[in-house]
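Enquirer: Below you will find the structure I want to go over with you.
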Amino acid sequence: MVDRLARRALDDAIASFHRNRGLAMLLLAGLLPTSCARRPTGPPNVVVVVVDTLRADRLGCYGNPRGLTPFLDGLAARGAVFRNAYATTSWTNPSVASLFTSRYPSQHQVTTFFARLSPEEVNVVAKLDPLGYLGGGFSANFGVADQVGRALGFRSCHAYHTNKPKLRAAPVIEAGLAWVDRVRRRAPRRPLFLYFQFMEPHFPYDPPPEYRRRFDPPGRRGDDALAINKKLLVETKAITEDDLALLRSLYDGEVALMDAELRRLFGELEKRRVLEHALVVVTADHGEEFKEHGGIVHGDSLYNEVLRVPLIVLAPGQPAGRTVAQNVSLVDVAPTLLDLLHLPPEPRFEGRSLLPLWQGDVPPVDVVAELPTTAFGAAPRHTLALVRGSIKLLVRPDSSDPSGDTETYDLARDPAESAPHPSPPDADTHLLLEALHRHETALAERAPTHAEHRPPSETTRERLRALGYVN
Ligand SMILES: [Zn+2]
């Protein structure tokens with residue numbers, strides 16, 4: 001009986017979605033090509049792909065000249081590319097928690113490896129439950145699957161463990177596809193919410209030979225990849241410019257491999273008709289540093305090499321080939337999904353829908369990032385960042401007043417943040433700091449939840465050690 005009632009409620013929800021969606025499509029039909037205005041067969045599938053540690057500047061559609069991402073560039077041409085997208089922080093767990101909850105690290109408090117997202121946090125996966133979505137999460141990053149993925153309401157959220165330093169995409173893709181086949185047999189009408197998190201560009205960088213050969217710098221061919229990776233972590237100060245060139249090339253090889261794996265994943269999803277009318281989001285949780293500002297890997301600063309991420313969104317009926325220049329944040333993704341699904345906004349979400357930016361021009365807003373604690377547990381180099389237009393303010397720890405320790409950059413003139421403004425206009429810095437502190441005060445007032453902190457098991461420590469995070 002319960003099953004029958006639940007089934008009926010689900011059918012009603014899907015029928016209601018059809019009615020709302022049909023109305024919206026009628027309104028849009030006059031503005032869009034008829035091929036875009038085809039009536040969908042149900043709530044669209046949602047596919048969210050997070051490529052761990054993928055810098056925005058490695059994608060061709062973000063201006064990279066090395067041809068690393070032909071698949072992603074082609075995908076981007078079918079939707080919108082947000083050229084200035086910022087993560088809320090510079091390491092995995094808090095960033096992914098922000099992506100799905102549209103809340104900042106200071107609010108959801110997933111700020112250590114051992115903090116688990118609170119079930120009280122509203123998230124976009126759970127928001128779609130009334131429409132009958134089946135959620136499947138497939139993560140090569142065991143930490144984020146354990147501490148964030150499972151709390152998001154995915155009926156299935158797999159973390160794959162390996163005795164190698166990191167897990168490759170192939171088995172994660174196979175498991176995801178097998179899950180799709182399985183649930184499709186059982187519930188062919190239910191829409192799917194798929195979340196994949198891949199690790200290819202994550203440290204250690206050790207692409208297979210065919211990808212390595214394409215990018216190795218002259219003179220460094222055949223160097224032991226794992227030895228140079230280890231040197232990066234253990235003898236950071238001894239890393240030379242040549243070493244960095246090799247590490248960047250190995251990283252680029254991983255990015256190219258990731259692109260090929262995504263081509264395979266999307267091809268398989270297409271064969272299964274999962275992508276028909278689907279909403280697709282491809283992004284990253286953070287970027288990666290190669291000593292541009294003296295640091296390595298990620299998680300202890302808020303410079304753009306770790307904060308700017310790719311953000312590509314595809315949605316049926318929305319204009320293709322759009323490039324949006326305005327600054328946006330990953331907290332905007334969840335509200336955008338609700339908007340694209342014609343669901344009412346969620347008041348607890350901090351972000352805004354990106355649909356109006358995609359369709360036209362709207363006033364800009366400040367983008368804020370936080371780094372309450374580092375991935376390594378050490379003191380962060382920055383605690384807060386604010387980007388207003390092309391001006392970026394970075395705040396170092398213990399600089400809570402306008403005379404405190406800040407760095408200001410004009411990204412239009414100095415996109416690499418190579419030289420802090422030599423004499424930042426005090427009034428501007430003061431205004432930006434005030435805006436930042438107002439923002440943080442408002443966030444604090446909006447009911448922070450308390451993530452559950454658990455001491456790590458020795459196995460977890462061992463795995464984190466293999467990735468270079470703990471001693
Ligand atoms: Zn990450």
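Enquirer: Restricting to the stretch 253-289, count the residues that are more than 16 Å from the ligand (Cβ to nearest atom) and either modelled with pLDDT under 95 or charged (D, E, K, R) (or both).
Expert: Number satisfying all stated conditions: 11.
Enquirer: Could I ask something else about it? Tell me yes or no: at least one residue of the stretch 229-246 is surrounded by fewer than 23 Cβ atoms within 10 Å (Cβ to Cβ), modelled with pLDDT under 85 and more than 30 Å from SER457 (Cβ to Cβ).
Expert: No: zero hits.
Enquirer: Let me spell it out: the conditions are (1) part of a helix (DSSP H, G or I); (2) modelled with pLDDT of 90 or more, and PHE193 meets all of them except one. Which number is the exception?
Expert: Here PHE193 clears every test but (1).
Enquirer: Only one of these conditions is not met by TYR205: (1) surrounded by 21 or more Cβ atoms within 10 Å (Cβ to Cβ); (2) in contact with a strand residue (DSSP E or B) (Cβ under 6 Å, 6 or more places away or on another chain). Which number is it?
Expert: Condition (2) is where TYR205 drops out.
Enquirer: Looking for whichever is within 30 Å of ILE391 (Cα to Cα) and not in a helix (DSSP H, G or I) here; the options are VAL96, VAL81. Which one fits?
Expert: After ruling out the rest, the residue left standing is VAL81.
Enquirer: Considering every residue within the stretch 87-105, establish whether at least one is over 24 Å from ARG55 (Cα atoms), away from the ligand (no atom under 12 Å from the Cβ) and hydroxyl-bearing (Ser, Thr, Tyr).
Expert: No, every residue in the stretch 87-105 fails to be over 24 Å from ARG55 (Cα atoms), away from the ligand (no atom under 12 Å from the Cβ) and hydroxyl-bearing (Ser, Thr, Tyr).
Enquirer: Out of the residues in the stretch 302-357 meeting the condition of being charged (D, E, K, R) and closer than 19 Å to HIS108 by Cβ, tell me which one is surrounded by the fewest Cβ atoms within 10 Å (Cβ to Cβ).
Expert: ARG348
Enquirer: Any idea how many residues of the stretch 134-187 are hydrophobic (A, V, I, L, M, F, W, C) and at pLDDT below 80?
Expert: Looking only at that region, the number is 3.
Enquirer: Quick one: which residue in ALA227, ALA175, ALA169, ALA187 is small (Gly, Ala, Ser), without any contact (Cβ under 8 Å) to a residue 24 or more places away in the chain and more than 28 Å from ALA451 (Cα to Cα)?
Expert: Of the residues listed, the single one that is small (Gly, Ala, Ser), without any contact (Cβ under 8 Å) to a residue 24 or more places away in the chain and more than 28 Å from ALA451 (Cα to Cα) is ALA227.
Enquirer: Let me ask something else. Suppose we filter GLY137, GLY143 for residues that are part of a helix (DSSP H, G or I), touching a residue at least 40 places away in the same chain (Cβ under 8 Å) and either more than 20 Å from PRO448 (Cα to Cα) or away from the ligand (no atom under 15 Å from the Cβ) (or both); which single one remains?
Expert: Among GLY137, GLY143, only GLY143 is part of a helix (DSSP H, G or I), touching a residue at least 40 places away in the same chain (Cβ under 8 Å) and either more than 20 Å from PRO448 (Cα to Cα) or away from the ligand (no atom under 15 Å from the Cβ) (or both).
Enquirer: Would you check if there is a residue in the stretch 385-392 being touching an Asp or Glu at 6+ places or on another chain (Cβ under 6 Å), surrounded by 14 or more Cβ atoms within 10 Å (Cβ to Cβ), modelled with pLDDT of 85 or more and among the hydroxyl-bearing types (Ser, Thr, Tyr)?
Expert: yes
Enquirer: For ARG58, state whether it is more than 16 Å from the ligand (Cβ to nearest atom), crowded, with 24+ Cβ neighbours inside 10 Å and in contact (Cβ under 8 Å) with a residue 60 or more places away in the chain.
Expert: no
Enquirer: For ASP300, state whether it is assigned to a loop (DSSP other than H, G, I, E, B), within 16 Å of the ligand (Cβ to nearest atom), more than 30 Å from PRO44 (Cα to Cα) and charged (D, E, K, R).
Expert: Taking the combined requirement at face value, the residue satisfies it.
The values are calculated or read from the model by the stated rules, or taken from the named source; none is laboratory data. Just so we're clear, the structure is a prediction, and the values are computed from it rather than from any experiment. Cβ sites come from the backbone with ideal geometry, for glycine too, and all protein chains shown count toward neighbours.
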